[in-house]
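Here is the structure we will look at, set down as structure tokens.
The values are calculated or read from the model by the stated rules, or taken from the named source; none is laboratory data. Just so it is clear, the structure is predicted and the values come from calculations on it, not from any experiment. Heads up, the Cβs are rebuilt from the backbone with ideal geometry, glycines too, and the neighbour counts pull from every protein chain shown. Surface accessibility is based on the protein's heavy atoms, side chains included, excluding ligands, DNA and RNA. Shrake-Rupley method; radii C 1.70, N 1.55, O 1.52, S 1.80 Å.
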Amino acid sequence: STPKPSSAASDVYKRQGMSPLNLLLASLNALQTSEGQFEMLLDALYLSILELTPPALLPNGHQGIEWDRTVGQCVPALPDFRINWRDDTKRVVIIFSDEGAQSYLTPQIGSDDLRLMYGGIEDLSVHIFTPEHLRRGGPNPWSDLTHSGSWHELSRDQEAMFDELMGVIEEEVCGQDE
């Protein structure tokens, strides 16, 4: 996992690569929160599925993407930000945010771009945890960005959040054999 420098509230970091569930849980438990500023989570979602998307379904101008000058960067660097998805597995993306869906890439990524990309990816599920007021609000409502997954309410109750996350993992990982 890559530690996030405390001074970089406007960067995207790939915290954990593909790993066994116990290592993922330990990584989540070790996360340190900071006062966010620009949460580039539409961009993180885009980057996480970029390698899975057929070229014909990529948004126009995707070859020349770069970060808006008002925000930080990402670790690893933008050209190297890839998820090592295995061919023989279900792909599950889980986003937690207390901010509206935002993009700081140029050109910007929107819900329509992501939904188009989803259409070309087999075995993809996107689950999103946000407060209720962000479920349908803004130009890119979070509830519109789920895919074969669902929207979940983000709360400050750690036990409830853990149970909800375990429910998603149970549904996505253990439910495949049914």
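Filtering the range 101-114 to residues that are in a loop (DSSP other than H, G, I, E, B), in contact with a Phe, Trp or Tyr (Cβ under 9 Å, 6 or more places away or on another chain) and open to solvent by 30 Å² or more (accessible area, probe 1.4 Å) leaves Gln102, Tyr104. Is it the case that Ile95 is of a type in the set (Val, Ile, Thr) and either open to solvent by less than 20 Å² (accessible area, probe 1.4 Å) or farther than 30 Å from Glu164 by Cα (or both)? Yes; evaluated as a whole, the condition is true for this residue. Given the condition within 14 Å of Ser97 (Cα to Cα) and either open to solvent by 30 Å² or more (accessible area, probe 1.4 Å) or charged (D, E, K, R) (or both), answer yes or no: does some residue in the range 157-164 qualify? Checked the range 157-164: no residue is within 14 Å of Ser97 (Cα to Cα) and either open to solvent by 30 Å² or more (accessible area, probe 1.4 Å) or charged (D, E, K, R) (or both). Residues that are in contact with a Pro (Cβ under 9 Å, 6 or more places away or on another chain) and basic (Lys, Arg) within the range 67-116 comprise just one, Arg82.
Return the residue satisfying two criteria in turn: it lies in the range 115-155 and is closer than 22 Å to Gln102 by Cβ and more than 17 Å from the chain's Cα centre (by Cα), and of such residues it is least open to solvent (accessible area, probe 1.4 Å). Out of the qualifying residues, it is Gly137.
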